[in-house]
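Notes follow once the structure below has been shown.
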Amino acid sequence: MNYEEIKIGDRAEIKHKISKKDIEKFVDLTGDDNKLHIDEAYAKKTSFKKPVAHGMLGASFISTIIGTKLPGDGALWFAQNLEFLLPVRVNDEITIVAEVTKKYDRTQTIELSTEIFNQNRQKVLTGSAKVKVIPQETQNLENEVTNKVPAKTALVIGATGGIGRAVVKKLAEQGYEIGLHFHSNFTLAEQLKKDVEKIGSKAFYVKANLLKEDDIKELVSNVDRKFGRLSILINAATLSLPNIKFEDLIWEDIQKQIDINIKSNFYLIKALLPIMKEQKYGKIITLVTQAIEQPNAEWLHYITAKSALSGFSKALAVELAKYGIRFNMVSPGMTDTDLISEIPKKARLLNAAKTPLKRIAATSDVANAILYLSQKESDFLTGETIRINGGQVML
């Protein structure tokens, strides 16, 4: 934010769940291995009864909210007073709140109230911060790369899934910087980031519940901060796919599939559209399924949602084309991922046997198609579906 844009009363907040790993990292970084923080037996003999997190561990998130939210990039945090009111423990979810209370025009400095609350809405820390807003030099901005040249940046939704991981590897090999979305598998997201870095590219991971609009807005805010310009959105998120006979189907089964396929994309594109419109370029790639054109029994919930996603994607391909945004789909046949783990081996073999190329798809087959749609060479494609099914469906 520019200093002029900031108003008294402007407010921001972030949340973080304190983990044992957070405390271990803090000890490694600072050397503060006070037993009150790390030794349960020792802490039990004190009035606290259980280990407590370092006070400055929680307070460090004030730096996060100042540096990323209010005012964000260019913030120079130069003064802070703190009062620690209550202990913070492992598994506490803290909410960090900052609010602008004063502005000093002569020095382009702001003053913030800074407070931290636990999950019980108890205030555990209070204080105030002083921050100088450093303006960015702009004299050479007009000479930068034009908006029509795509940045090699991609956000992969569902990056820890089978197809998601394969896509991330392909993009990394081509030098893309990648945002790795995950919902619950932090360990795999962390490993995926390391794998990308071994290849020689850059990545960061971000957690979000795709069905919560606030989570999506936070995800997009993080992406915008890291990349500035985002060329590609790939949504490879999916749910488990049980076979359910129609008489056993309940509406909730259908709703879950609609939510992950339509609701998540609706929130994502709503949030990302201003970024892509501003740069007059973008690629959005979704995953549909061969089952739309060659339906399977007992997949009504899945086929209904994927059919809706196909229509959703084509409608937006028409509407967003004027902004230089391409919207395409990849339609895999049976693919060797965890999604087919409940399908009997005999059914998989039968599927391969009736495929002209005599095998089911590998995740790399799907990833190769997504890579092509991500690159500038596919710029004249929009509203298209690339079928990865070994020849089972030919149109």
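The values are calculated or read from the model by the stated rules, or taken from the named source; none is laboratory data. Nothing here was measured: the structure is a model prediction, and the numbers come from that model. Virtual Cβ from ideal backbone geometry, glycine too; neighbours counted across all protein chains shown.
Structure data summary
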| item | result |
| --- | --- |
| Filter result (over 24 Å from the mean Cα position of the chain (by Cα) and among the polar types (S, T, N, Q)) within segment 366-381 | Ser378 |
| Residues satisfying the stated conditions in segment 1-48, i.e. closer than 30 Å to Thr187 by Cα and part of a loop (DSSP other than H, G, I, E, B) | Ile18, Ser19, Gly31, Asp32, Asp33, Asn34, Asp39 |
| In segment 369-394, the residues that are closer than 13 Å to Ile285 by Cα, in contact (Cβ under 8 Å) with a residue 24 or more places away in the chain and assigned to a helix (DSSP H, G or I) | Ala369, Ile370, Leu371, Leu373, Ser374, Ser378 |
| Yes/no for Leu188 being in a helix (DSSP H, G or I) and either touching a strand residue (DSSP E or B) at 6+ places or on another chain (Cβ under 6 Å) or acidic (Asp, Glu) (or both) | no |
| Those strands (runs of 3 or more DSSP E) lying entirely in segment 199-308 with at least 1 residues out of contact with any Lys or Arg (no Cβ under 9 Å at 6 or more places or on another chain) and hydroxyl-bearing (Ser, Thr, Tyr) | 282-287 |
| Residue within segment 347-358 that is at pLDDT 80 or above and in a strand (DSSP E or B) present | no |
| Matching residues, segment 309-338, being in contact with a Lys or Arg (Cβ under 6 Å, 6 or more places away or on another chain) and buried (at least 20 other Cβ atoms within 10 Å of the Cβ) | Arg326, Ser331 |
| Complete set of residues in segment 76-105 that are charged (D, E, K, R), exposed (fewer than 14 other Cβ atoms within 10 Å of the Cβ) and either assigned to a strand (DSSP E or B) or within 27 Å of the chain's Cα centre (by Cα) (or both) | Glu83, Glu93, Lys102 |
| Members of segment 283-311 that are at pLDDT below 95 and among the small types (Gly, Ala, Ser) | Ala291, Ala297 |
| Condition met for Gly164 (part of a helix (DSSP H, G or I) and in the same structural domain as Lys263 (by TED's automatic domain parsing)) | yes |
